[in-house]
Amino acid sequence: MKHSKVKDLLNSTKTNYEVTVKGWVRTFRNNQFIALNDGSTIHNLQCVVDFENTPEETLKRINTGTAVALTGNLVESQGAGQKYEIQVTQLEILGDCDAEKFPMQPKKHSLEFLRENAHLRVRTNAFGAIMRVRSVLAHAVHTYFQERGFVYVNTPIITGADAEGAGEMFQVTSMPLDSLPKTEDGQINYKEDFFGKHTNLTVSGQLEAETYAMALGQVYTFGPTFRAENSNTSRHLAEFWMIEPEVAFNDLTDNMDLAEDFIKFVIQYAVERCADDLKFLEGRLLDEEKQKPQAERSEMTLLEKLNFVLNNDFKRVSYTEAIAILRESTPNKKKKFQYLIEEWGADLQSEHERYLVEKHFKCPVILFDYPAKIKAFYMRLNDNTEPGKETVRAMDILFPGIGEIVGGSQREERYDVLIEKMKAIGIDEEELWWYLDTRRFGSAVHSGFGLGFERLVLFVTGMTNIRDVIPFPRTPQNAEF
Ligand code: ATP
Ligand code: MN
């Protein structure tokens with residue numbers, strides 16, 4: 001007989017019929033009550049074992065973690081706490097679990113311990129919930145773009161263009177690292193490498209996506225990106241997933257509108273479909289907050305935070321306005337910032353971003369029109385800016401508790417301006433010949449952004465460390481599993 005999912009049984013509209021369920025024992029009480037979980041929902045299904053007619057040896061094998069198949073009648077539960085239960089008539093042990101050695105005991109584990117057991121942590125309520133929410137968010141991403149006629153583009157993971165992420169890229173080679181082929185002048189001879197050139201893992205699919213936007217109009221990527229940034233923060237992974245829409249004929253305002261609408265859509269999508277998981281994660285967050293001193297506790301619960309984002313416009317603020325606010329801020333005057341804001345042109349650190357979002361505006365903020373000097377070469381130079389104070393049509397979206405969640409811009413569509421800029425910062429135009437072609441053949445205004453998927457999952461689940469929202473995190477000194 002085909003087995004049923006716990007989720008479907010708990011939503012059943014009828015009772016008194018025979019069902020089979022397969023899953024893992026979460027707890028086994030009084031030699032009689034199995035709390036069974038099969039991953040379909042955060043809720044367990046109570047299964048009542050007929051212990052008088054079950055051999056002692058079988059009962060002994062039912063431990064936390066044991067895989068079982070249970071058949072019996074689905075009935076209304078007599079006990080408190082659950083609507084339905086199964087009166088088990090047939091019990092099959094599918095896989096034993098050594099109760100002594102199983103790391104996932106039914107008690108509270110630290111997140112650090114769970115990271116060390118990333119292959120088993122998904123068997124806890126919290127990680128089951130996080131990963132289901134992550135999956136629904138991924139579906140939301142595709143739904144949003146597909147419903148609006150965007151074309152999903154798979155940009156390369158191995159890239160020959162390293163203009164963007166110089167210094168923080170992982171090299172890809174098939175050459176033996178202990179005996180690298182050399183050229184006559186002693187340099188590494190990449191001509192002998194697999195691709196006949198120096199290659200890296202991509203840090204972004206944007207440049208390639210731009211070429212596609214110039215034909216398909218609206219495109220998006222959703223794929224893995226790699227950054228060898230040696231910053232051990234709770235917001236950075238060496239391997240993360242990025243969503244990058246790119247749209248022909250969109251200017252910066254259109255780009256901000258798209259990003260805000262998109263973020264609200266995917267959050268709404270998760271709120272509607274993950275009520276049970278989010279409720280659980282909200283409780284988890286409340287427990288965690290209780291450990292903190294009163295002043296540091298969040299004023300809002302998880303669902304209040306999500307609804308706040310859904311119901312409020314993101315505040316749009318120019319870089320110049322932001323600098324003025326920061327310069328006059330108490331932490332700047334009292335020298336509490338690690339990096340004090342003195343001059344227009346300063347790069348914003350996460351302490352500044354978080355001040356703006358969490359203390360000053362108390363809502364998501366879109367910062368735009370940044371100094372050209374601190375932003376990438378492909379961003380559209382603003383017309384009419386003072387020499388030395390040039391700005392570009394960049395926008396970053398900052399979220400409470402997260403910092404930067406989106407980085408984007410209107411792209412420089414003018415060939416001459418783009419070439420000048422590349423020359424000024426020493427980017428080889430030969431290497432980006434194909435990118436420059438988009439500006440030579442039917443160039444047009446276009447814009448896009450990158451949203452770090454894990455930062456979105458962090459926000460929606462209320463988790464605080466990015467290592468806890470991806471199944472197997474890759475960070476400096478850590479690539480286990
Ligand atoms: P940050 O200043 O936080 O390092 P960034 O300016 O390097 O971000 P972008 O290059 O604009 O980020 O990348 C677009 C988005 O990708 C960011 O807004 C963020 O959501 C996400 N992102 C960037 N780096 C990482 C990382 N190492 N791990 C996870 N997400 C990241
Ligand atoms: Mn970065």
Condition set at pLDDT 95 or above and among the β-branched types (Val, Ile, Thr), scope the range 400-420, selection farthest from ligand 1 (Cβ to nearest atom): answer is Ile419
Listed by range, strands (runs of 3 or more DSSP E) wholly within the range 192-293 having at least 1 residues that are modelled with pLDDT under 95, within 16 Å of ligand 2 (Cβ to nearest atom) and more than 28 Å from Thr475 (Cα to Cα) are none
Looking across the range 446-477 at residues that are charged (D, E, K, R) and under 17 Å from Phe127 (Cβ atoms), the single one that is farthest from ligand 1 (Cβ to nearest atom) is Asp468
>> Just to be sure before I move on: is Lys335 over 25 Å from Leu306 (Cβ atoms) and within 16 Å of ligand 2 (Cβ to nearest atom) in the structure I sent?
In response: no
Arg134 vs (1) at pLDDT below 95; (2) under 30 Å from Gln218 (Cβ atoms): all pass except (1)
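Per-residue answers, yes or no, for (1) more than 34 Å from the chain's Cα centre (by Cα); (2) crowded, with 16+ Cβ neighbours inside 10 Å; (3) part of a strand (DSSP E or B):
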position	(1), (2), (3)
Leu9	no, yes, no
Ile42	no, yes, no
Cys47	yes, yes, yes
Leu59	yes, no, no
Val75	yes, no, yes
Ala80	yes, no, no
Glu85	yes, yes, yes
Gln90	yes, no, yes
Within the bounds of the range 301-310, is there any residue that is polar (S, T, N, Q), outside any strand (DSSP E or B) and within 30 Å of Arg393 (Cα to Cα)? yes
Of (1) among the small types (Gly, Ala, Ser); (2) over 21 Å from Arg439 (Cα atoms); (3) within 9 Å of ligand 1 (Cβ to nearest atom), Ser234 satisfies every one except (3)
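The values are calculated or read from the model by the stated rules, or taken from the named source; none is laboratory data. Please read these numbers as outputs of a predicted model, since none were measured by experiment. FYI the Cβ positions are ideal-geometry reconstructions off the backbone, even for glycines, and counts take in every protein chain you see.
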